[in-house]
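Have a look at the structure below before the remarks.
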Amino acid sequence: MKLSDIYIQMKSINHKLSLLQLLTQDSTIHTMPHGVSFQNTLLCNLRCPHCQTHGVEEHRKYYNTINMPHEMLTRVAHEVLPTADEYLFTVSGEPLASPNFTQLLLEFFPYCAKIELHTNGTLITPEILTNLIPATKGIHISIDGATQLMVEATRKGAKYKKLLQNIKLLTKTVDLLPDKLKPLIYFGCTILGSNIRELPEIVELAYLLGVPKVYGYFVVVYHEHLNNEDVKNYKPLYNYYHEKAVEAANRLGVFLCLPPPFAGVEASDDSPIGGNNMIIENFPGDYIDKLHARSHIEDIVNIIGAEAIDIQANKIKDVIIDRYDVPKQHVDLSNLFSLGRNYLMLKKMTMYYRKMLKHYKQFLDETIQRGDAKPIKYCESLSKRIYLSPAGEITPCCYIYNPLGNISSDNVKNIWNGDVYNDFRQKFQSDNPFKECINCHNISYLSPAALCHEINSV
Ligand code: SF4
């Protein structure tokens with residue numbers, strides 16, 4: 001048995017134990033998180049004006065100094081990743097700016113947990129891609145415009161042509177790889193008053209760069225001097241360009257997920273452009289004409305150097321295939337100790353799982369027979385992940401500010417299975433949840449019978 005097989009089986013058992021815990025609401029069933037969001041650095045190389053943490057120079061200076069101690073990061077990773085499916089590096093900073101980013105990827109790779117990456121894409125290099133692509137589940141590129149003007153205004157510090165080259169190098173390399181090594185790539189776009197008109201062109205840009213999915217989210221305005229960026233000020237305009245973006249996505253076969261149009265508001269593109277308290281106060285006079293000339297974006301994509309990118313992408317592909325796709329013939333003796341230790345851990349987990357399953361067999365059978373039991377309230381973040389702050393505080397998500405434990409004085413297993421976390425889970429299920437959880441968009445409801453079937457599968 002290979003170490004990777006052991007980790008995969010440990011993850012599967014952990015998954016089923018978590019389902020059993022959710023179904024029975026038995027907090028004595030011990031599990032581990034399925035994922036961890038490391039806020040390992042708050043450093044960002046850009047100065048996006050609408051960003052909560054880096055939008056204002058004074059805040060930016062402060063946040064750019066915050067890093068999680070390396071010892072803490074690796075200690076938690078080594079504890080959690082054997083039974084977890086995924087991890088994230090900072091979503092408040094730029095993960096590619098993390099100290100030792102590539103080293104960490106290599107160190108965590110053997111655990112078979114994949115990284116979900118949210119990046120501004122500007123720091124992508126061929127060296128990073130060789131280690132990043134095989135370790136990644138999804139790459140979310142934050143981009144808020146299609147034109148040079150909009151990209152460089154909303155992502156301050158980014159160079160348009162270089163960014164497009166980076167994205168093309170990524171997608172081209174991924175295209176050349178076998179399916180099992182391909183991460184999902186998508187655009188994440190913050191929709192602002194300034195960029196509503198570019199939504200169809202963002203879809204077009206994604207298509208031309210080989211990005212198959214585009215997600216859009218309304219801006220949350222954190223700074224008073226950008227008050228007029230709030231999309232609620234442009235409802236007819238948003239409805240108009242929402243329709244155009246959907247048309248473009250349908251025509252080009254790009255998956256598009258945008259907030260729905262405003263109900264009862266007639267679509268119109270008759271709206272002032274620019275103005276006070278916006279990221280771009282004065283647009284060039286020919287902005288709209290240029291924007292709607294479709295060839296404008298095609299031209300830009302054509303000048304990013306497709307031939308050079310092809311050559312580079314092929315080189316990266318060869319390195320990745322050599323390192324990650326060819327089974328190694330030799331046995332790594334240094335792994336034998338780890339293999340033995342993890343094999344014993346797997347045995348222990350298997351026995352524990354069988355014991356729990358036996359204990360709840362009748363309950364599972366009855367739930368399946370009944371079929372119509374009350375749906376179970378569910379939050380993926382609460383059930384699956386921990387959010388780890390640079391100071392070691394653990395919360396279920398970034399909306400909860402009161403930590404449920406601190407890793408400086410304890411381990412994840414104790415915190416995740418401890419009284420404070422269990423009380424939070426109980427309160428979440430009650431009629432009196434924490435105020436942050438009330439009407440949270442992460443809440444869904446699961447069928448108990450479906451959970452039983454999933455537990456019984458395999
Ligand atoms: S319901 Fe929302 S606020 Fe509550 S834990 Fe889940 S994600 Fe966080």
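The values are calculated or read from the model by the stated rules, or taken from the named source; none is laboratory data. All figures in this text were calculated on a predicted structure; none of them were measured in a lab. Counting neighbours? That spans all protein chains shown, and the Cβs are built from the backbone with ideal geometry, glycine included.
Annotations
- Any hit, region 297-311, residues being of a type in the set (S, T, N, Q), over 22 Å from Glu229 (Cα atoms) and surrounded by fewer than 15 Cβ atoms within 10 Å (Cβ to Cβ): yes
- Scan region 433-443 for residues that are over 19 Å from Leu388 (Cα atoms) and either in a helix (DSSP H, G or I) or away from the ligand (no atom under 13 Å from the Cβ) (or both) and the total you get is 1.
- Restricting attention to region 389-420, the residues that are surrounded by 16 or more Cβ atoms within 10 Å (Cβ to Cβ) and either touching a residue at least 40 places away in the same chain (Cβ under 8 Å) or within 11 Å of the ligand (Cβ to nearest atom) (or both) total 12.
- For region 263-296, a residue qualifies if it is exposed (fewer than 14 other Cβ atoms within 10 Å of the Cβ) and at positive phi, and exactly one does: Gly264.
- Note on region 228-285: residues that are free of Cβ contacts under 8 Å to residues at least 40 places away in the same chain, in a loop (DSSP other than H, G, I, E, B) and of a type in the set (Asp, Glu) amount to 4.
- Leu382 surrounded by fewer than 18 Cβ atoms within 10 Å (Cβ to Cβ), within 16 Å of the ligand (Cβ to nearest atom), of a type outside the set (Gly, Ala, Ser) and on the phi < 0 side of the Ramachandran plot: no
- Residue that is of a type outside the set (Lys, Arg) and under 17 Å from Leu20 (Cα atoms), where the choices are Ile400, Ile394, Ile376: Ile376
- Number of residues in region 1-14 that are closer than 20 Å to Glu380 by Cβ and buried (at least 17 other Cβ atoms within 10 Å of the Cβ) equals 3.
Results for (1) of a type in the set (Lys, Arg); (2) at pLDDT below 95, shown as yes or no for each residue.
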position: Arg323; (1), (2): yes, yes
position: Asp332; (1), (2): no, yes
position: Phe337; (1), (2): no, yes
position: Arg341; (1), (2): yes, yes
position: Met349; (1), (2): no, no
position: Met356; (1), (2): no, no
position: Leu364; (1), (2): no, yes
position: Ile368; (1), (2): no, yes
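- Tally, over region 444-458, of residues that are more than 16 Å from the ligand (Cβ to nearest atom) and outside any helix (DSSP H, G or I): 3
- Restricting region 23-57 to residues that are part of a helix (DSSP H, G or I) and surrounded by fewer than 21 Cβ atoms within 10 Å (Cβ to Cβ), the residue that is modelled with the highest pLDDT is Thr24.
- Note on region 355-376: among residues that are outside any helix (DSSP H, G or I) and out of contact with any strand residue (DSSP E or B) (no Cβ under 6 Å at 6 or more places or on another chain), the one that is farthest from the ligand (Cβ to nearest atom) is Gly371.
- Conditions (1) crowded, with 18+ Cβ neighbours inside 10 Å; (2) farther than 13 Å from Ile297 by Cα: number failed by Thr147: (2)
- Failed item, numbered, when Thr154 is tested on (1) under 19 Å from the mean Cα position of the chain (by Cα); (2) at pLDDT 95 or above: (1)
- Residue match in region 69-86 (condition: polar (S, T, N, Q), at pLDDT 95 or above, assigned to a helix (DSSP H, G or I) and farther than 25 Å from Glu307 by Cα): yes
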